[in-house]
Amino acid sequence: SRRVTVRDIAAAKARGDKWPMLTAYDAMTASVFDEAGIPVLLVGDSMGNCHLGYESTVPVTMDEMTLLSAAVVRGTERALVVADLPFGAYQEGPVQALRNATRLVKEAGVGAVKLEGGERSADQIKLLVDAGIPVMAHIGLTPQSVNAFGGYPVQGRGEEAAQQLLRDAKAVQDAGAFSVVLEAVPAELAAEVTRTLHIPTVGIGAGLDCDAQVLVWTDMAGMTKGRVPRFVKQYAQLREALGGAAKEFAEEVVSGTFPAAEHTFH
Ligand code: KIV
Ligand code: NA
């Protein structure tokens, strides 16, 4: 069976079909989501927080992104795999963006890349698309700018900010992006962007009216430690389940009940 392509994504918007996206950072987890029928997997730079143990997405490198993207591609058969361009991999300009996006396509085998920014990243998006690399844009809250934002505040509140978000959305569509993530945006504004654009919007903390929804998989599955943001729904409690399994294993080793006869060779 062939992989999902950006043409399938465009067709979904034309039909009015909604679709899910999850992040993935390793082959085994990616294979679970692929078998579950998730059509688009994002090797997000959220790997910085939830896979590599950094404080933010800012330290993530091209080497890390390439390694983990290749693993996700190897673990999947059907999903469109999208890799984030990490912070510092495209801010110098379109040529740097093309060099790094090309590496993700050639070395990791991803089908598309994602980068942050609206008007400010339009030149990068255009060169990548001209070169034949599909681009998912990402506007609203752009976590790579955490140091400029001073945290992770909701974006697009107030008339001026709303107009800027609409300009950013049109800029990435005009530059050729095949879809755009709207992160931490009021639902009414996300709905207006979704009506205005002919490319699909992928919401995270952006309400029900986006064409698609994305969650960080460790949040979605209840693996993340501590508090999760308001926009997250936990569909499982994996942290509890996995911790429980580890504790039970430990107890059985200490008490001498594992391995039992059926786990033993003679
Ligand atoms: O890195 C990431 O996980 C993302 C999604 C939240 C859109 O960019
Ligand atoms: Na990201």
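The values are calculated or read from the model by the stated rules, or taken from the named source; none is laboratory data. Computed from a predicted model, the values in this text were never measured in an experiment. FYI the Cβ positions are ideal-geometry reconstructions off the backbone, even for glycines, and counts take in every protein chain you see.
Numbers for the structure displayed
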read-out	value
Flag if Tyr54 is buried (at least 18 other Cβ atoms within 10 Å of the Cβ) and either among the aromatic types (Phe, Trp, Tyr) or not assigned by TED's automatic domain parsing to the domain that holds Pro229 (or both)	no
Cβ pairs under 6 Å, 6+ apart, first in the range 84-101 and in the same structural domain as Tyr54 (by TED's automatic domain parsing) and in a loop (DSSP other than H, G, I, E, B), second among the aliphatic types (A, V, I, L, M) and within 16 Å of ligand 2 (Cβ to nearest atom)	Leu85/Val113; Leu85/Leu115; Pro86/Val60; Pro86/Met65; Phe87/Val58; Ala89/Met62; Tyr90/Ala97; Tyr90/Leu115
Any chance Thr23 is hydroxyl-bearing (Ser, Thr, Tyr), in contact with a Leu (Cβ under 6 Å, 6 or more places away or on another chain), closer than 26 Å to Gly176 by Cα and modelled with pLDDT of 95 or more	yes
Residue under evaluation Leu242, criteria (1) over 22 Å from Asp17 (Cα atoms); (2) in the same structural domain as Gln124 (by TED's automatic domain parsing); (3) surrounded by 11 or more Cβ atoms within 10 Å (Cβ to Cβ), criterion not met	(2)
Helices (runs of 4 or more DSSP H) wholly inside the range 164-266 containing at least 1 residues that are among the β-branched types (Val, Ile, Thr) and within 16 Å of ligand 1 (Cβ to nearest atom)	187-196, 217-220
Verdict on Pro153 being within 14 Å of ligand 2 (Cβ to nearest atom) and assigned by TED's automatic domain parsing to the domain that holds Ala27	no
Residue check for Ser1: at pLDDT below 95 and either within 16 Å of ligand 1 (Cβ to nearest atom) or more than 30 Å from Arg195 (Cβ to Cβ) (or both)	yes
From Val129, Val110, residue being aliphatic (A, V, I, L, M), within 30 Å of Val72 (Cα to Cα) and surrounded by fewer than 20 Cβ atoms within 10 Å (Cβ to Cβ)	Val129
Whichever residue in the range 130-163 is part of a helix (DSSP H, G or I) and under 24 Å from Gln213 (Cβ atoms) and, among such residues, is nearest to ligand 1 (Cβ to nearest atom)	Pro143
